[in-house]
Amino acid sequence: MTNKYLIFLGCAVPYRVLSYEISSRKVLAKLGIELVEMPEFNCCGLPFDPVSHETMLILAAKNLALAEQEGLNILTLCPGCAGTLKKVNKMLNDDPSLREQINSHLKEAGLEFKGSVETKHILQLLREDVGFDKIKASVVKPLTNLKVAEHNGCHVLRPKKYFDYDDPEDPQTLKRLIEATGATCLDYMDETECCGAPSVGVSDKIALQLARDKLSHIKMVNAQALITVCPFCHIMYDTNELRIEKTFNEVYGIPILHYPQLLGLAMGLTPEELAFGDLRVKAQNIIQQLTQGANKCE
Amino acid sequence: MSEVTEKSAQKGKEQPIKASEFDSTFKYELQKISGSENILKCFQCGTCTSDCPVARYSDSYRPRTLIHMAQLGLRDRVLNSDTLWLCAACFTCTDRCPQGVEVASVIRVFRNLAAEKNCIPQVFMDQAQSLLETGYAYKIPELRINKRESLGLPPLPKGNPENVKKTLKGVKFFQNIQKPEGEKLSDQ
């Protein structure tokens, strides 16, 4: 087990989802994972892949080269960043001529990609480096009676040739992590489907329809919350839930929690410490249920 | 290009295809580009389209059709098609294609070729501008960066846009993007 990681924040988390960063740092500290800050970083490259594959390769390789100087493996909270850094690391390691081409660009900034660091998304780190047993052992207030649903997000596991820790067609990692907190993770229709976030700005109509589909399937199984591990999925559901309710004249009222927020509650951290106040769809009902449940036990 | 609507996505489709539009070299060009090497392996089974979440809600986005058009050599129709930009890059098609075509990567190659002609949605231009100015894909407001300290978070590492620009020297896409002052990245 490795317990020291270079944290790569990416752009979306510090821009719009500080609650994810705050709760992740708190939970990882409790699990004994030491985080070292990147000395500098730039966009991972993913947003530029559609318009310029070469730009994506250069930006990702630049980040990897910066991490190599620190001699530490990378942890990301964003699946897009993790997927991109993993993929480019493999592509450049497998193809010497591509590596040479990209390194000629990095040289302009005095950098060189050597291919010596590994990147993990927080989900992979929790599964492989911490382990389900240790997470279970960290729980002091089991979330018994809480029924939630999970949304992995596409880039956590796709395309599958770059990931080997879970099956994208039937992912289990997040489910088992949720169950480790004592909560029940419900199955629902089309669980592995896209949230729609990448279509925002290109076609908001399609993006909202995709998110609505997911929310309605989650509501059908009476999940009390949806658990995400991606800043974009979180924005898509949490920020847009009200808009979706208005657009389609429906009511969901499903709070969207980052997995570290859920785990943090089970570890005994307070909703304030876990930045629950930042959520657009408030999670009062859950908090109330958990506090009442705890009182009953006492 | 503004937001893609069903109307804009249908543009041109009603026009009959002329024999002069077929460019039989297009598919061989695609075979040489990283990401679309396997385009000729597509046998039109339609797994990509039937599993595509976007295709479910769009009357126009059909990955199988785009690949078929490219195989036939309809270069301009493919590259000028608004529907290209609807792909959400969820990679379901890539994972499920029985022929290993890497459909999402083929769509990405089409987009890259379209972008060389500057035919791209505004959202990508905004991100490119932000990258050149800050090193990040978004212009993160100062207020939010400064707020980190009061929230007990470490300072945000610098984006170092100067170094980003240095490494992007010679990249076609950025040569085509004008900076607000009117100077080009390639001029530096």
*asked:* Among the numbered criteria (1) at the interface with chain A (Cβ under 9 Å from one of its Cβ atoms); (2) part of a helix (DSSP H, G or I); (3) closer than 24 Å to A:Glu54 by Cβ, which one does B:Ile120 miss?
replied: (2)
*Scanning for something modelled with pLDDT of 90 or more, more than 21 Å from A:Val51 (Cα to Cα) and either assigned to a loop (DSSP other than H, G, I, E, B) or within 21 Å of the chain's Cα centre (by Cα) (or both), does segment B:137-147 turn up at least one residue?*
yes
*asked:* Checking B:Cys45 against (1) surrounded by fewer than 21 Cβ atoms within 10 Å (Cβ to Cβ); (2) in a helix (DSSP H, G or I): exactly one of these is not met. Which one?
replied: (2)
*Return the residue satisfying two criteria in turn: it lies in segment A:198-229 and is modelled with pLDDT of 95 or more and of a type in the set (S, T, N, Q), and of such residues it is surrounded by the most Cβ atoms within 10 Å (Cβ to Cβ).*
A:Thr228
*Being part of a helix (DSSP H, G or I) and crowded, with 24+ Cβ neighbours inside 10 Å is the filter here, so list the residues in segment B:55-65 that pass it.*
B:Pro63
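Per-residue answers, yes or no, for (1) within 18 Å of A:Glu118 (Cα to Cα); (2) crowded, with 23+ Cβ neighbours inside 10 Å; (3) facing chain B (nearest Cβ under 7 Å):
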position	(1), (2), (3)
A:Ser19	no, yes, no
A:Lys26	no, no, no
A:Ala29	no, no, no
A:Pro47	no, yes, yes
A:Thr55	no, yes, yes
A:Lys62	yes, yes, yes
_Of everything in segment B:97-117, what is at pLDDT 95 or above and more than 9 Å from chain A (Cβ to nearest Cβ)? Give them in sequence order._
B:Cys97, B:Pro98, B:Gln99, B:Gly100, B:Val101, B:Val103, B:Val106, B:Phe110, B:Leu113
*Collect the residues in segment A:164-196 that are within 13 Å of chain B (Cβ to nearest Cβ) and open to solvent by less than 20 Å² (accessible area, probe 1.4 Å), keeping them in residue-number order.*
A:Pro168, A:Pro171, A:Cys194, A:Cys195, A:Gly196
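Restricting attention to segment A:31-45, and to residues there that are more than 7 Å from chain B (Cβ to nearest Cβ) and in contact with a strand residue (DSSP E or B) (Cβ under 6 Å, 6 or more places away or on another chain), which single residue is surrounded by the fewest Cβ atoms within 10 Å (Cβ to Cβ)?
We begin by selecting, within segment A:31-45, every residue more than 7 Å from chain B (Cβ to nearest Cβ); these are A:31-36, A:44-45.
Keeping just the survivors that are in contact with a strand residue (DSSP E or B) (Cβ under 6 Å, 6 or more places away or on another chain) gives A:34-36.
On the way: A:Glu34: 12, A:Leu35: 16, A:Val36: 14.
My answer is A:Glu34.
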*Which of (1) within 27 Å of B:Lys169 (Cα to Cα); (2) more than 10 Å from every other protein chain (Cβ to nearest Cβ) does B:Arg75 not meet, given it meets every other one?*
(1)
*Wholly enclosed strands (runs of 3 or more DSSP E) of segment A:181-259 bearing at least 1 residues without any contact (Cβ under 8 Å) to a residue 40 or more places away in the chain*: A:184-186, A:256-258
_Qualifying positions in segment B:155-164 - in a loop (DSSP other than H, G, I, E, B) and in contact (Cβ under 8 Å) with a residue 24 or more places away in the chain_ = B:Gly159, B:Asn160
*asked:* Being touching a residue at least 12 places away in the same chain (Cβ under 8 Å) and facing chain A (nearest Cβ under 10 Å) is true for just one of B:Thr94, B:Thr167, B:Thr83. Which residue is that?
replied: B:Thr83
*Of the numbered conditions (1) among the aromatic types (Phe, Trp, Tyr); (2) touching a Phe, Trp or Tyr at 6+ places or on another chain (Cβ under 9 Å); (3) over 23 Å from B:Asn176 (Cα atoms), B:Trp85 satisfies every one except a single condition; which is it?*
(3)
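The values are calculated or read from the model by the stated rules, or taken from the named source; none is laboratory data. What you see is a predicted model, and the numbers here were worked out from it, not measured in a lab. Here the Cβ is made from the backbone with ideal geometry for all residues, glycine too, and neighbour counts use every protein chain on show. We work out accessible area using only protein heavy atoms, side chains counted, and drop any ligands, DNA or RNA first. Shrake-Rupley method; radii C 1.70, N 1.55, O 1.52, S 1.80 Å.
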